[in-house]
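The values are calculated or read from the model by the stated rules, or taken from the named source; none is laboratory data. Here the structure is a predicted model, which is why all the values come from computation and not from measurement. Cβ coordinates were reconstructed from backbone atoms using ideal geometry, including for glycine residues, and neighbour counts include every protein chain displayed.
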Amino acid sequence: MSLNVKFGFGNTVKYNVPKLDVTSAASSKGIFSSRVRDIILDSSHEFFDEFGQWNGIGTIFIEPVRQPGRNDDIPLIPAYPAFPNIKNYPLLNELVPIIYLADPNVSENTSDVTAYYFPPINAWNSQVHNAVPSTNVTPELENKEYPLVEAGSVRRITDQDTDIDLGTTFNEANVLNNRPLLPYEGDIIYEGRFGNSIRFGSTVNGPLYPNSWSDEGNQSDPILILRNGQSNETDVSQPWIPILENINDDQSSIYLTSTQLIPLELSTENISSYDGLTETPTIPELYSGKQILLNSGRLVFNAKNDHIILSADKSVHLVSNSSLNFDTTDKISMTTNMSFGKITLTSPNVYLGSDVGNEGYVGANIQSLVLGENLIQTLTSIINALEGIGGAMRTANAGGIVIPSLNLEGALLSGQVEILKDSLNILLSKTVKTI
């Protein structure tokens, strides 16, 4: 029979589907198992145009599990994702549940049905893949990596690569060492095939296998853990044994906590900038409470249209093992409370302007700041001396005979001394201080 399927924008495709599979599956089996033989994921697929182009992404082609190894002259059955918002496409040779439901033609013909598929069946209880090849392939694998055993026996994918066809780009050898996550009661865990996961979990007091986030807080306090890439230090000799997230060793992590204490190890714990202050921030591995922790090899915050705002009730601590760098095309503004605030820069060397060039001598590109009060004291001594000289010059005489030129210069000098005295009062900055 010919199955007409409508896609978006009015596209209609026709694909020959064997009568036996459609009628028997739809009428008698309800939901049945099928093996994935092919899938449309991009425009390179031979049926890309026939199945609606980009609107057909995720379409799989299946064979019933009970009719494996079918004649290639008989078209495989197409099936479409059952969920519109979740893209969990299967790999080749994975098993999927199939159900026949109304298709887009239902308004014209209420009996029209289409095959839809659910996420892959958990045949091996593995988040990596659950491929089960046809029976003509299976026996060879039974003594290798896939111990296909009778019901009730162990379901396990071992740590060795298989020869199962899983697709074009999926590299089984690179992901078989990714271990599943250990669940606790009530957890909801989403795991990718590549060592990435989201855990909606909680504090678990006294479990058989302790975790790193339950040392503080009450039973069932919520926590959300997003992890991308398991630790490179993970033991992969038995990849079917579950592991737990490790914020210090996993490749990238985001933890959203409520009451938990997370043992995050900082790249540096230098808090010397808080010397003399009444309160310093608690390091993460000692802090329990609601917080968001990000840990990775590198963090990039980029606001391409607006601002980055860092706001804290207490303090914002920037610390680095190397340097803190600020570059701007306009200005750097720092303000504090005008009554009692202060900006403190503490370092063996503080440079205002470029730090490139010669320094430390008269005429050098970089020269030293002065200590203002000390300079005032020195200048005051000089002015006082000049004041004495000016007074003496004003009354200078030779044998009782005045010396007009010297007396005039003395008067001028005394006048300049008064001006210099007044200028001392405005030399010191009211805001910038140095040591």
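Points worth noting:
Results for (1) closer than 28 Å to G341 by Cβ; (2) part of a helix (DSSP H, G or I), shown as yes or no for each residue.
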residue: V370; (1), (2): yes, no
residue: I376; (1), (2): yes, yes
residue: I382; (1), (2): no, yes
residue: I389; (1), (2): no, yes
residue: A392; (1), (2): no, yes
residue: E409; (1), (2): no, yes
residue: V417; (1), (2): no, yes
residue: K430; (1), (2): yes, no
residue: T434; (1), (2): yes, no
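- Scoring I262 on the criteria (1) within 30 Å of D38 (Cβ to Cβ); (2) in contact with a helix residue (DSSP H, G or I) (Cβ under 9 Å, 6 or more places away or on another chain); (3) buried (at least 16 other Cβ atoms within 10 Å of the Cβ) leaves a single failure, condition (1).
So that you can scan it fast, the table gives a plain yes or no per residue for (1) farther than 19 Å from I376 by Cα; (2) loosely packed, with under 12 Cβ neighbours inside 10 Å; (3) without any contact (Cβ under 8 Å) to a residue 24 or more places away in the chain:
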| site | (1), (2), (3) |
| --- | --- |
| G399 | yes, yes, yes |
| E409 | yes, no, yes |
| L412 | yes, no, yes |
| I419 | no, yes, yes |
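- Taken across region 15-34, residues that are at pLDDT 90 or above and of a type in the set (A, V, I, L, M, F, W, C) do occur, with at least one present.
- Here Y351, Y361 are screened, and the one residue that is among the aromatic types (F, W, Y), part of a loop (DSSP other than H, G, I, E, B), surrounded by 10 or more Cβ atoms within 10 Å (Cβ to Cβ) and at pLDDT below 90 is Y351.
- Within region 289-296, at least one residue is loosely packed, with under 10 Cβ neighbours inside 10 Å and under 28 Å from I271 (Cβ atoms).
- Residue, surrounded by the most Cβ atoms within 10 Å (Cβ to Cβ), within region 33-50, restricted to residues that are of a type outside the set (K, R) and within 12 Å of P78 (Cα to Cα): S34
- The lone exception for L371 - which of (1) at pLDDT 95 or above; (2) closer than 21 Å to T434 by Cβ it fails: (1)
- First in region 36-47 and at positive phi, second anywhere and assigned to a loop (DSSP other than H, G, I, E, B), Cβ under 7 Å, 6 or more apart: none
Let's see how each residue does on (1) surrounded by fewer than 16 Cβ atoms within 10 Å (Cβ to Cβ); (2) within 27 Å of I86 (Cα to Cα); (3) of a type outside the set (F, W, Y):
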| position | (1), (2), (3) |
| --- | --- |
| V175 | no, yes, yes |
| R179 | no, yes, yes |
| P183 | yes, yes, yes |
| I188 | yes, yes, yes |
| S202 | no, yes, yes |
| D221 | no, no, yes |
| I225 | no, yes, yes |
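- Pairs, first not assigned by TED's automatic domain parsing to the domain that holds D249 and aromatic (F, W, Y) in region 181-205, second assigned to a strand (DSSP E or B) and surrounded by fewer than 18 Cβ atoms within 10 Å (Cβ to Cβ), C-beta under 8 Å, six or more apart: none
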